[in-house]
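Student: Dropping a structure here in structure tokens format, bear with me for questions.
Since every read-out is calculated from the coordinates, none of them should be taken as a lab result. These numbers were taken from a predicted model, which means no experiment stands behind them. Note that each Cβ is placed from the backbone with ideal geometry, even for glycine, and that neighbours are counted across all protein chains shown.
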Amino acid sequence: MMKYLGAAGLRAVVAGAVMGAALVTGGGAFASAEQADPLSDFLTKYVAWAETIEAEGQERGTPLTAEQLDLAKAVGIQHPEKVRLVYADVVPFPVEDPEMRAVGGSMGFIGPGVINNAQAFGYTIWIRNGFTMDRPALAHELVHVMQIERSASFGAYAREYVPQLLEHGHSDMPLEVEAYEANRKFAAPGT
Ligand SMILES: [Zn+2]
């Protein structure tokens, strides 16, 4: 989905994106020395926003069916009864915030040609309307729910996920390799 520049290169891109957004908005993102790490600043805001998305998903999402509950247990989720599937025209991203939009674009989360079909926010799995959430694809997202569950918090998970993404790229990062193994393992019915 994007070219990988290595962690240092991408951190520079993220910093540039944040500074550019700050210039556009006249914002004071770099007004103090404590905010010198733009990636950390981005993650703090992203995690706070993601908590509101999970709350919304818990409110309007659909619980898993009996068959999906079995899949969630097979994947290793401790509390499959908390999982909700949430359909939306677009899998959410905080695009209304110029800094978040700039960083999201620099990391390949959003932008022209980028389609996010599904994403786990806590126990809520958001699915793009029109995307066929088949068994392997659901197993993949359930692995992300399991990873979030075994982390101390969604924030701890995000602070593991994003540096892995910057370091290895989407297809080679350990958290995604683990999830893609589930695509293969649960490809056939009854597995
Ligand atoms: Zn994934």
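Student: Go through the range 46-58 residue by residue and turn each phi into a ³J(HN,Hα) via Karplus (6.51, -1.76, 1.60, θ = phi - 60°); whole Hz please, and just put x for glycine and proline.
Tutor: Running phi through 6.51 cos²θ - 1.76 cosθ + 1.60 with θ = phi - 60° gives 5, 5, 4, 5, 4, 5, 5, 5, 5, 4, 5, x, 5 Hz.
Student: Enumerate the amide H contacts of T124 below 5 Å, restricted to partners 5 or more residues apart or on another chain; note that Pro and chain-start residues carry no placed amide H.
Tutor: For T124, whose amide H was placed from the backbone, the distant partners under 5 Å are R84.
Student: On average, how much area does the Cα convex hull of the range 58-146 cover when viewed from any direction, in nm²?
Tutor: Over all viewing directions, the range 58-146 projects a mean Cα-hull area of 6.3 nm².
Student: Place +1 on the Cβ of every Lys and Arg and -1 on the Cβ of every Asp and Glu in the range 35-191, take the dipole about the Cα centre, and give the residue among I53, N183, H168 whose Cα lies farthest towards its positive end.
Tutor: The Cα lying farthest towards the positive end belongs to N183.
Student: Given axes a ≥ b ≥ c from the Cα gyration tensor, I'd like to know whether the range 142-187 is rounded (a/c under 1.5), prolate (a/b larger than b/c) or oblate.
Tutor: Because a/c hits 1.5 or more and a/b fails to exceed b/c, the range 142-187 counts as oblate.
Student: Using the Karplus curve 6.51 cos²θ - 1.76 cosθ + 1.60 with θ = phi - 60°, what ³J(HN,Hα) values do you get for each residue of the range 175-182, in whole Hz, with x for Gly and Pro?
Tutor: My calculation for the range 175-182 gives 5, 7, 4, 4, 5, 5, 4, 5 Hz in order.
Student: Then there's this: Quick one, can you get me the convex hull of the C-alpha atoms of the range 35-191 expressed as volume per residue in Å³?
Tutor: That works out to 116 Å³ per residue.
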